[in-house]
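Nothing in this text is a laboratory measurement; each read-out follows from the coordinates by a stated rule. Remember, it's a predicted structure, so these values are computed and weren't measured experimentally. Quick reminder, even Gly has a Cβ in these numbers, built from the backbone with ideal geometry, and neighbours come from all protein chains shown.
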């Protein structure tokens, strides 16, 4: 081996270890899901958008949801809303940050925040954000790939939840793009209920070692004068990307 190749090979190994790729200009850059270092512990509490940021993004006011204060902790902070839901493989589409959904991975940290409208005539009723930190970006990528496949299998499925006020959650419009899987969930009280269904936008994204989750629940009955710019097809995805950008900034 010549002197030139003695240093080229180790340097190439360093780029691989750092998660770097080579751009078309010949410059090294981070791979799409790479971050300088894993995000762990209390730092993940800074990933969810606050009420002011959400208000700017969706053009309507939000306030904290008093019965549900922000959650931060380990795997014991994951939810258990899914105990009676069937089919079990679709629970992750219908509910945020559920214990059974993450049971196959090592969860390092969990953060979740809930928001609601302020009583004004608006488009969005309430909104949930969640962040789950895993040991590595590889673990997060693998889990996201499984989530994406599961969500696609659930497209067109109705999740039945006997113990919930909304006993049926119909899953449609599942799509995957730019490290985010999204779906529309229609919440209904039952097959024979005369009440309007409640549309909910769901999104799950991955950045570094973290998985982010978003649920944007709209009012079932809307009026042209309702305040806000939220959209069932794009808003949850936009919030997920904003959270992913924060992960990059904090890492």
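Roughly how many whole Å is it from the C-alpha centroid of segment 109-139 to that of segment 38-70? What the calculation gives is 7 Å, centre to centre. Averaging the Cα positions of each part gives two centres, and for segment 157-186 and segment 214-238 these lie 16 Å apart. The convex hull of the Cα atoms of segment 34-250, projected and averaged over all directions, covers 11.2 nm². Between the beta carbons of residue 138 and residue 53, assuming R0 = 25 Å, the FRET efficiency works out to 0.25 to the nearest 0.05. Cβ-to-Cβ counts within 10 Å put 233, 55, 225 in ascending order as 225, 233, 55, the fewest first.
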